[in-house]
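One structure below.
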Amino acid sequence: MAYVKNRVRRDGSVYYTVMWRAGGTAGGKQESEVFDEEPAAERFKDLVNGHGQNWPLGWIRGQGFVADRRRTETMFEPFALAYVDRLTGIQGDTRTKYKKDIQANMVPWFGPYSVEDGEGSILRTMVQDWVNDLEAGRLAPLDARDRKPRTAYAPKTVHDKHGLLFAILQSAVDAEPSLRASNPCSKTRLPRLDGAEDEEEMVFLEREEWAWIHECLRDDAKDLAETIAETGFRWGEATALQPRDLRRRNGRPAIRIQRAWKKDEDGKSVLGPPKTRKSRRTIVITHKLDQMLRRRAKGLASDALIFTGPEGGKWDPGTFRRLRWVPAIGLAAEKYGLIKKPRIHDLRHSHASWLIAAKVPLPAIQGRLGHESITTAVDRYGHLLDALDDEVMAAVEWAMDPTAPMPGFLKGAGLASAADELPQVPRQCSGVAQETKMDASGVA
């Protein structure tokens with residue numbers, strides 16, 4: 001490991017020499033670099049240790065990183081933070097989260113480097129080392145040696161952090177004029193995502209299991225939980241409902257989602273537009289749910305909250321979980337043997353699974369849940385589609401054999417009248433069947 005040695009000049013002044021063996025081997029070449037100030041020597045020592053006992057990339061002995069390539073505004077930290085400040089369409093707390101992530105999980109690796117090409121630039125090998133360190137929970141090159149161990153991040157978390165770094169460095173590529181020719185994140189080998197990882201994070205409740213939980217909820221929580229379970233709303237959407245959101249669509253009761261709770265940069269809850277453009281939507285609901293919501297909305301101002309917490313304000317998700325949801329899960333386990341440990345958000349996933357089990361097409365589910373694209377619905381719930389194998393095969397057999405009766409579920413989809421207009425195709429018989437028919441009739 002590199003170390004710092006204090007030395008004294010003839011004039012009595014102290015200087016600091018960082019010393020190490022190239023590559024960290026006993027037979028490696030003795031290397032050294034001199035500094036007038038101890039903090040600078042300590043920082044350089046950490047860089048050497050972080051580069052496997054080698055000279056930091058882009059460092060010139062006796063000069064450091066070349067000054068003309070290390071402009072203040074293109075050093076990693078100020079450039080990355082400025083990139084986040086320019087982002088649009090994100091919540092204030094997301095902006096704050098990105099900045100904290102940059103300072104905690106990127107600057108200790110890339111702080112001394114520039115996003116520009118040239119000496120002192122961030123390189124592909126550095127990004128790969130960073131990914132490996134995050135996955136293993138290793139200290140960063142600029143971490144204090146006595147700091148507590150870092151957390152070893154799960155593969156999905158590493159992917160998320162790499163995605164943010166990729167976007168930051170891509171903005172350097174796309175700058176006018178461009179600051180670098182390519183993105184050093186473009187060919188990073190990321191930890192493999194286990195296909196079951198996301199599935200394990202989601203809990204799908206059977207209808208009986210949901211009934212158990214609903215029975216065990218306290219009375220002041222039942223209506224809110226029932227609304228989420230029946231609509232698939234996100235927590236921030238359901239708790240932002242107001243009387244003016246109760247609508248009609250095609251003669252049916254409906255709810256219009258046009259706002260949701262968000263966090264500003266100070267972490268304060270504020271009402272704002274839904275998560276995405278597709279999240280602004282109108283969905284039909286049952287008459288039973290409509291009656292319940294209108295009963296709660298009676299006498300309220302049009303912009304008042306339909307669901308409020310114990311003290312009359314908005315329901316805090318942490319309070320709801322701790323004082324209402326978790327006790328209900330525990331009671332359901334005790335009374336009915338519930339094994340699953342669902343989160344409140346799993347009511348949304350369960351709603352989707354019930355629709356799939358009822359043969360509702362994925363595009364309709366996408367629209368109801370407010371997913372931005374059908375790909376999101378497929379990626380999240382596609383593994384549940386094996387429940388439709390019988391319907392898939394029935395539809396294929398009907399399509400391949402024009403004389404076969406239409407499957408019942410297709411009739412229910414309103415396709416029967418359309419099928420009547422299709423041209424009638426003579427039934428195809430096998431060669432043996434044709435010969436038998438000809439022999440019996442005597443007609444060629």
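The values are calculated or read from the model by the stated rules, or taken from the named source; none is laboratory data. It should be emphasised that the depicted structure is a prediction, and the values quoted were computed from it without experimental measurement. A quick note on method: Cβ atoms are made from the backbone with ideal geometry, for glycine too, and the neighbour counts reach across all protein chains shown. All accessible areas refer to the heavy atoms of the entire protein, side chains included, with ligands and DNA or RNA removed. Shrake-Rupley method; radii C 1.70, N 1.55, O 1.52, S 1.80 Å.
Note on segment 82-101: residues that are in a helix (DSSP H, G or I), open to solvent by 30 Å² or more (accessible area, probe 1.4 Å) and touching a Lys or Arg at 6+ places or on another chain (Cβ under 6 Å) amount to 1.
Conditions tested, residue by residue: (1) open to solvent by 80 Å² or more (accessible area, probe 1.4 Å); (2) within 25 Å of the chain's Cα centre (by Cα).
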| site | (1), (2) |
| --- | --- |
| G312 | no, no |
| P317 | no, yes |
| F320 | no, yes |
| L323 | yes, no |
| A328 | no, no |
| L331 | no, no |
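When you look at E334, is it more than 26 Å from D93 (Cβ to Cβ) and part of a helix (DSSP H, G or I), yes or no? When the stated conditions are applied, E334 passes them. Being under 22 Å from E77 (Cα atoms) and part of a loop (DSSP other than H, G, I, E, B) is a property that S186 has.
Within segment 234-257, residues that are in contact (Cβ under 8 Å) with a residue 12 or more places away in the chain sit with their Cβ atoms under 6 Å from residues that are assigned to a loop (DSSP other than H, G, I, E, B) and open to solvent by less than 20 Å² (accessible area, probe 1.4 Å), at 6+ positions apart or across chains, in these pairs: T239/F307; T239/W315; L241/I306; P253/I285; I255/I285; I257/P274. For segment 86-96, a residue qualifies if it is modelled with pLDDT under 90 and farther than 18 Å from T276 by Cβ, and exactly one does: T96.
In the set (1) at positive phi; (2) in contact with a strand residue (DSSP E or B) (Cβ under 7 Å, 6 or more places away or on another chain); (3) at pLDDT 90 or above, the condition left unmet by G337 is number (2). Which one is nearest to R43 (Cα to Cα) among residues in segment 143-163 that are open to solvent by 60 Å² or more (accessible area, probe 1.4 Å) and at pLDDT below 90? So, considering only residues that are open to solvent by 60 Å² or more (accessible area, probe 1.4 Å) and at pLDDT below 90, the one nearest to R43 (Cα to Cα) is R145. Can you say whether R256 is charged (D, E, K, R), open to solvent by 30 Å² or more (accessible area, probe 1.4 Å) and part of a helix (DSSP H, G or I), as far as the supplied structure shows? No: the conditions fail for R256. For segment 129-145, check the following and say yes or no: at least one residue is more than 21 Å from the chain's Cα centre (by Cα), more than 22 Å from M1 (Cβ to Cβ) and outside any helix (DSSP H, G or I). No, there is no match, as no residue in segment 129-145 is more than 21 Å from the chain's Cα centre (by Cα), more than 22 Å from M1 (Cβ to Cβ) and outside any helix (DSSP H, G or I).
Filtering segment 17-29 to residues that are out of contact with any helix residue (DSSP H, G or I) (no Cβ under 7 Å at 6 or more places or on another chain), open to solvent by less than 80 Å² (accessible area, probe 1.4 Å) and assigned to a strand (DSSP E or B) leaves T17, M19. In the set G28, G64, G89, G50, only one residue is touching a Pro at 6+ places or on another chain (Cβ under 6 Å) and not β-branched (V, I, T); that residue is G50. Do the conditions hold for R43, that is, is it of a type in the set (K, R), over 19 Å from G118 (Cβ atoms) and assigned to a loop (DSSP other than H, G, I, E, B)? Answer is no for this residue. Once segment 268-305 is narrowed to residues that are open to solvent by less than 20 Å² (accessible area, probe 1.4 Å) and within 22 Å of the chain's Cα centre (by Cα), the residue that is farthest from H351 (Cα to Cα) is G272. In segment 120-133, the residues that are farther than 20 Å from T157 by Cα form Cβ pairs under 8 Å with partners that are part of a helix (DSSP H, G or I) and open to solvent by less than 20 Å² (accessible area, probe 1.4 Å), at six or more places apart or across chains, as follows: I122/F76; I122/F110; I122/L169.
Out of the residues in segment 1-16 meeting the condition of being over 13 Å from D36 (Cβ atoms) and of a type in the set (A, V, I, L, M, F, W, C), tell me which one is least open to solvent (accessible area, probe 1.4 Å). Here the residue is A2.
Given the structure, is V107 touching a residue at least 12 places away in the same chain (Cβ under 8 Å), within 24 Å of I90 (Cβ to Cβ) and among the β-branched types (V, I, T)? So V107 passes the test. Anything in segment 117-140 that is open to solvent by less than 20 Å² (accessible area, probe 1.4 Å), on the phi < 0 side of the Ramachandran plot and not hydroxyl-bearing (S, T, Y)? List them, or say none. Once the filter is applied, which keeps residues that are open to solvent by less than 20 Å² (accessible area, probe 1.4 Å), on the phi < 0 side of the Ramachandran plot and not hydroxyl-bearing (S, T, Y), segment 117-140 yields I122, M126, V127, W130, V131, L134, A140.
For T308, the stated conditions hold: it is in a loop (DSSP other than H, G, I, E, B) and under 31 Å from the mean Cα position of the chain (by Cα).
Within segment 204-220, residues that are farther than 12 Å from K335 by Cβ sit with their Cβ atoms under 8 Å from residues that are of a type in the set (F, W, Y), at 6+ positions apart or across chains, in these pairs: R207/W354; L217/W325.
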